[in-house]
Structure formats: C-alpha cells, structure tokens
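Step one of this worksheet: look at the structure below.
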Amino acid sequence: MIRALWTAATGMQAKQMDLDVIANNLANVNTTGFKKSRVDFQDLMYQVVRVKGTPTSPDTQVPSGIEIGLGVRPGAVQKMFSQGDIYETSNPLDVVIEGDGFFQILTPDGTIAYSRDGSFKLDAQGRMVTSDGFPLEPPITIPEGAESVTVAQDGTVTVTMPGEIEPQEVGVIELARFINPAGLLSIGRNLYLATASSGEPQIGTPGLEGFGTLAQGFLETSNVQIVEEMVRMISAQRAYEINSKAITTADEMMSIANNLKR
Amino acid sequence: MVSYEGYPILEFLFKKESIWQINLSRDGSRKTQRGGDRELIRGIYTATSALNLQELKQEVWANNIANLDTPGFKKELTWAEAAREANLFRFLGSQNPYSLGRMTAGVQPGTEKLTDFSPGRLEETGNYLDLAIEGEGFFVVSTPSGEAYTRAGNFQLDEEGRLVTVSGYPVVGEGGEIILPAGGSVSVDEEGNISVDGEEVDRLRIVDFLNRAVLRKSGENLFVAEGVIPQETTNFELRQGFLEKSNLDPVEAMVTMMEALREYEIAQRILVSQDEALQKAVNSIAQL
C-alpha cells in the first residue's frame, strides 16, 4: 500500500513538471523566435513479485509472473524546433530565417550563442545587435548616415550612402546549424549554447547546403499553439487529479486496515 | 464433560485434530495433512488473501495512472484466481471418515498474462522524429545489456546524428544503428523506410513476438525478452509526426480503484466478523 502512495506521488510530480513546461510555453507565446518544449515521460523500474518462468510443477512454469511498476519520471524536456509563423514588420533590421539555421551572437563573456530571434537593432557604433546589445558574429557595422539597409536572401548586407547610386556591401550574415538542435542549452534571452549532445556547429551561407534563407522586414513568432497548450494543460490537470485519487484510495484502504483491530 | 455437539465453533476449538484436509495438487497427486493450528482461524486467512489481492490491484493501478501520459506505455492488469482447493474430512473415533466438502484457501493473484498490449491512442505532434506504429510490432533499441523493444516512438538525434531514444539508446534499423546526415528533411514512409532529402538511408526494424507474455518491462519505456528471438513483421503502418500514448482509459482506472477499495472494505468486514465470532467462542461460550 505504501508502494501505491509513492507511485501515485511520482505521477503527481510528473504532472507538476508538465504544467511548469506548459506555463513557460504559454508565457512565451509572443516571444520572437521562441521554441516550445515538451516533457517526455518514461516508466520507472519494476519490482518483481513473482518471477516469470518459475516452475509450478516439474513440467509447468509461471507464464508471466507479477511485476509491479513503481511509477513515472520525466525522461527529457525537449525543445521542438519547428518553424514558427512569419509576420511582416517592415522594419529593415528585422531578419527572419526561413528554414534551418541560427544567427550567431557574441555574448559579453566571449562565447558564441545561437538565436532564432532576428529583431536586430543598432548600437552606438552602428553594429547590428540583439535587444540586449550583444553583436552579431561576424560583426556587421552600418556606416553612419546610411540611407537604406538591405539584407539579401543569402545574407549579404548592403547599404546605400547619401549621394551614391551603387549600394555598398558591409558584411555577410552567416548561419550555424546543428545535427541535434534539441541538444542545445537554452540560456534565456532567446539564446542557446552548443553542448556535447547538440554537436559542433556547422557554419554556412544562407540558402546553400540546406541552410534556410533570410528575409528582411519579417520576424518569426514562437511556434507555441495556444489551443494545443490549453488541451495539454487540461489533460495535465486531470491526470494530476486522478493520481491524487489513487493516493486517496490507498489512504482509505490503509485506514480500513487500521480498523481491523478494534 | 461438556457436550459441544452442534456448536461448530466449539468443535473447531476442541476437536480440531479430528479434521483432516487433502490437498489436490495441480499434477493430480494428493497430499494429506492434518488441519492443524490454522483450523480455528481459517476464515481469517481467507479474508486476508482477499485483502492482499486488492492491495496488489491498487498498487498496479497506481502505476498505470502515474503513466497516463507515458508514450508507448502498456497498462498492467491483475487477475484473481481461486487458491488451491482442499477436501475436508472428519474422523470420529472408529467411524469411517466422512467428507465435509471442498474448501478453498481464498484467492491469489492470477498467473495469466498481465500486460495489456492493446494499442494506445495516437496523438499528432507534428514533430518529424515522432514515430508511431499503427498495428503490430515494436521498435528495436540497442542498450548496453542487449536488445530491447519499445512502442514509444519519441526519438531524437544525438551529436553524431544517430536516431536515439529519450534515454540515448540507439534505434536499430536493418543496417544497424541509424545515422541521419545533418540538415536534410527526414521522411519516414508507412513501411518504415527512412529517407533524407528523397535518398533512402535505412529501414526501421519492426519486430513482434509469437507470445508477448515473454516480454518484461525494464523501465525507460523498454521491454526485454530474455533469450527469446523476435521475428520481423510487416503487419503495421508507420505514422510520422504521431506518438502513441498509453492505452489507459482514465474512466476504467477510476472504476477499478473504486472496486478495489470496496472489495478491500468487504474483506475487512468479513475478517472483523470472524474475529467477533471467535471472541464470543473464546470469552462467552467457554464460560458455560
């Protein structure tokens, strides 16, 4: 009976974690380039009460035995890197990746982080930076007084200076991609870091070798679907409830057992 | 000497040595044994066996419920089976023994197949590495302790591009571990052929067992079959972007728990009445 209590408790804990992840997905429904997460559950180990194949007579064996499972645990919280919706902003510094790839961002401690958020700004030196002021890598500097900025599909950034007719190239946005993007470490601020499980980044030009292409004046929304999250929330809540009923039932049975002796 | 003819409880108390039981074994042999000390409290043991069974049932269903959202989880069932029957005989002095009839020692967990392999509900996830088997069969997974089998198709890639389970065990195809080249778009057809950008990479091994009762759950959504070699099957359709969830029906789970609780309560009442009757026998009648 004590087993049933702890087993159902693992179920309640798992559902709590499920709800934590759903809440974070919903909180980021309007975050540019946000990728939703999902909890993958696994069953825990089994306690063998009667071993399969135990002889019951010289010629017969127990055909299937008795195993009692000890509950559930979250196996992984996996990021889902499906494409979010793309919407137009008409801001020349908003760039979206259509397809596979991440922008490379230089963080203040010198490591390269990766992002799907292409809402760039300019800092005091004219560099293209994220909302937190972290510059793109390789850096792209827009000269002061430039009349227009153009980002081509292949990542080439050109500017037109006043009085000049020929546009002038100021840099190329390169993308990085990973064999296993789900293995990236999320560090907040729409940034990810490479890990042993994501593999080494492969750097390339947008539009070539399977990398996505860039589009200027658009942004990528999160890939969170509100209806889907609501349905998961309902199912998580009900699963939480039914696990608590399993605990109540076990508790009532123990109370009945306590009343065996008056 | 007090006559206790007609008082069955007193007969149990004072003449227990005259009751013998013959156990009928499954193989047909007979074992004769004296009723012995358990005579007096036989009913208590019978009720206890029912309490134990309902407790086991509640434990098994608590685990089923905890795994309500576990992909590929197959629920466990409990079966009740009457415990071995015994023939009771009474020996009175020089008379021929006469039969008191048959009596069982209560109930015990059944020895039949316990895992219900019926299909779980399919849920669309849209994730290209989520695979569901519609029909018969299991995915083959290579673990450090040998091959294991699973119905949970929530796969991922590791840093080398291998298709792995959530625990990192490689999924096995016809050419061994399945390694997907980076970048391309992965598609899996209904027969399990994996292709990247239209180019075939490997085919998933889907196997089945003649007798699935040999499968033992080892946690991490895996089944192991000690020493039994499965055969390849084609009796399935693979669905990419879908996951098979557990085959547990929450309504059934609630009803089973209520049933277990009430049956437990009934067995407890029986035990308490036995106790009350014995209390009368020991304290009240003996005062005569």
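The values are calculated or read from the model by the stated rules, or taken from the named source; none is laboratory data. The structure displayed is predicted, hence computed values, not measured ones. All Cβ positions, glycine included, derive from the backbone under ideal geometry; neighbour counts span all protein chains shown.
Assorted remarks:
- Selection of segment B:103-135 for residues being within 8 Å of chain A (Cβ to nearest Cβ) and in a strand (DSSP E or B) yields B:P109, B:T115.
- Condition check for A:E88: at pLDDT 90 or above, exposed (fewer than 14 other Cβ atoms within 10 Å of the Cβ) and either within 27 Å of A:G133 (Cβ to Cβ) or facing another protein chain (nearest Cβ under 9 Å) (or both): yes
- One residue from A:T54, A:T60, A:T32 being surrounded by fewer than 22 Cβ atoms within 10 Å (Cβ to Cβ), in contact (Cβ under 8 Å) with a residue 40 or more places away in the chain and either more than 25 Å from A:R73 (Cα to Cα) or among the acidic types (D, E) (or both): A:T32
- Looking only at residues of segment B:199-221 that are surrounded by 19 or more Cβ atoms within 10 Å (Cβ to Cβ) and in a loop (DSSP other than H, G, I, E, B), we find that the one that is farthest from the other protein chains (Cβ to nearest Cβ) is B:R205.
- For segment B:158-189, filtered to residues that are charged (D, E, K, R) and at the interface with another protein chain (Cβ under 8 Å from one of its Cβ atoms), the residue that is nearest to A:S198 (Cα to Cα) is B:E159.
- Subset of segment A:20-53 (residues that are within 14 Å of chain B (Cβ to nearest Cβ), part of a loop (DSSP other than H, G, I, E, B) and touching a strand residue (DSSP E or B) at 6+ places or on another chain (Cβ under 6 Å)): A:K35, A:L44, A:M45, A:G53
- Qualifying residues in segment B:150-178 (those that are free of Cβ contacts under 8 Å to residues at least 24 places away in the same chain and under 31 Å from the mean Cα position of the chain (by Cα)) - the one nearest to B:F139 (Cα to Cα): B:V164
- Tallying residues that are in a strand (DSSP E or B) and either aliphatic (A, V, I, L, M) or touching a Phe, Trp or Tyr at 6+ places or on another chain (Cβ under 8 Å) (or both) within segment A:147-164 yields 4.
- Among the residues of segment A:231-262, those that are more than 8 Å from chain B (Cβ to nearest Cβ), polar (S, T, N, Q) and more than 19 Å from A:D18 (Cα to Cα) comprise A:T248, A:S255, A:N258.
- Of all residues in segment A:91-114 being within 14 Å of chain B (Cβ to nearest Cβ) and of a type in the set (D, E, K, R), the one that is surrounded by the most Cβ atoms within 10 Å (Cβ to Cβ): A:D100
- Some residue of segment A:222-243 being on the phi > 0 side of the Ramachandran plot and surrounded by 14 or more Cβ atoms within 10 Å (Cβ to Cβ): no
- Residue ID - farthest from A:T213 (Cα to Cα), chosen from residues in segment B:180-192 that are surrounded by fewer than 18 Cβ atoms within 10 Å (Cβ to Cβ) and in contact with a Leu (Cβ under 8 Å, 6 or more places away or on another chain): B:E191
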